[in-house]
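Read through the structure below, which is laid out as structure tokens, and then see the notes.
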Amino acid sequence: MTCPIKIISITLLVLSTLFSNCGFYSFSGSLPPHLKTITIPLFEDQTAEFGIKEELTEVVMEKFIKDNSLKIADRRDADILLEGRIVSIRQQAGGSDRKENVSEMKIYVSVALKCTDLKKRKTLWEETITRWGEFEPQNLDQRREGISEAIKQISDEIVNKTVAGW
């Protein structure tokens, strides 16, 4: 019969070996070599939602910092310009209960984006991204959390399109 301590020790050794190589990952190897920095001006906002352009700009910048493929820079020193405009925020019923009362709402955030290579003066990509978050209709405080969830998803896609789209 095998000793349980020996099995646990071997298991921990195997797991630590596997996970020691699962540290921070970056797509920097897939970017063209002349693209090292990005500037992200404050996003524009066509909606009446207070503070959303600041939140979106901040979250996108944080994602790029965490990704570490491109460094944030001033416009005059940047290789890439990422411009964005929040074009709409809309909500609709996402689900209902047995009595056909709305039990959840979905809130959709749409952002028009343009990513430009400033060195070669060409558009890398241009797209409108729409993502959603959820909230309970009885709790309007959660509405803002739904917007934040949509912003998080949009920022993930922006970083992926910019650094891994090669």
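For I158, the stated conditions do not hold, so it cannot be described as at negative phi, surrounded by 20 or more Cβ atoms within 10 Å (Cβ to Cβ) and either of a type in the set (F, W, Y) or over 12 Å from the mean Cα position of the chain (by Cα) (or both). A count restricted to segment 46-77 and to residues that are over 17 Å from the mean Cα position of the chain (by Cα) and not small (G, A, S) stands at 8.
For K66, the conditions (1) in contact with a helix residue (DSSP H, G or I) (Cβ under 9 Å, 6 or more places away or on another chain); (2) part of a strand (DSSP E or B); (3) free of Cβ contacts under 8 Å to residues at least 60 places away in the same chain are fulfilled apart from (2).
Here is a yes/no grid of residues against (1) closer than 28 Å to V109 by Cα; (2) surrounded by fewer than 13 Cβ atoms within 10 Å (Cβ to Cβ); (3) modelled with pLDDT of 95 or more; (4) not polar (S, T, N, Q):
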| position | (1), (2), (3), (4) |
| --- | --- |
| L18 | no, yes, no, yes |
| S30 | no, yes, no, no |
| E54 | yes, yes, yes, yes |
| T57 | yes, no, yes, no |
| V60 | yes, no, yes, yes |
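For L124, are the conditions met, namely being touching a Cys at 6+ places or on another chain (Cβ under 9 Å), surrounded by 14 or more Cβ atoms within 10 Å (Cβ to Cβ), part of a strand (DSSP E or B) and hydrophobic (A, V, I, L, M, F, W, C)? In short, yes. The set of residues from segment 78-126 being at pLDDT 95 or above and out of contact with any strand residue (DSSP E or B) (no Cβ under 6 Å at 6 or more places or on another chain) comprises K119, K120, R121, K122. Checked against the criteria, I5 counts as modelled with pLDDT of 50 or more, over 20 Å from the mean Cα position of the chain (by Cα) and farther than 22 Å from W132 by Cβ.
On the stretch given as segment 31-63, residues that are of a type in the set (A, V, I, L, M, F, W, C), part of a helix (DSSP H, G or I) and without any contact (Cβ under 8 Å) to a residue 60 or more places away in the chain total 1.
Per this entry, I107 is not counted among residues that are surrounded by 14 or more Cβ atoms within 10 Å (Cβ to Cβ) and either assigned to a loop (DSSP other than H, G, I, E, B) or in contact (Cβ under 8 Å) with a residue 60 or more places away in the chain (or both). Among the listed residues E126, E157, which satisfies the condition of being among the acidic types (D, E) and within 18 Å of K53 (Cβ to Cβ)? Within the list E126, E157, the selection yields E157. L113 meets each of the listed conditions (1) part of a strand (DSSP E or B); (2) touching a residue at least 60 places away in the same chain (Cβ under 8 Å); (3) within 15 Å of the chain's Cα centre (by Cα) apart from (2). For R75, the stated conditions hold: it is loosely packed, with under 14 Cβ neighbours inside 10 Å, touching a residue at least 12 places away in the same chain (Cβ under 8 Å) and either more than 19 Å from S155 (Cα to Cα) or aliphatic (A, V, I, L, M) (or both).
The values are calculated or read from the model by the stated rules, or taken from the named source; none is laboratory data. On a predicted model such as this, the values are computed, not experimentally measured, just so you know. Cβ coordinates were reconstructed from backbone atoms using ideal geometry, including for glycine residues, and neighbour counts include every protein chain displayed.
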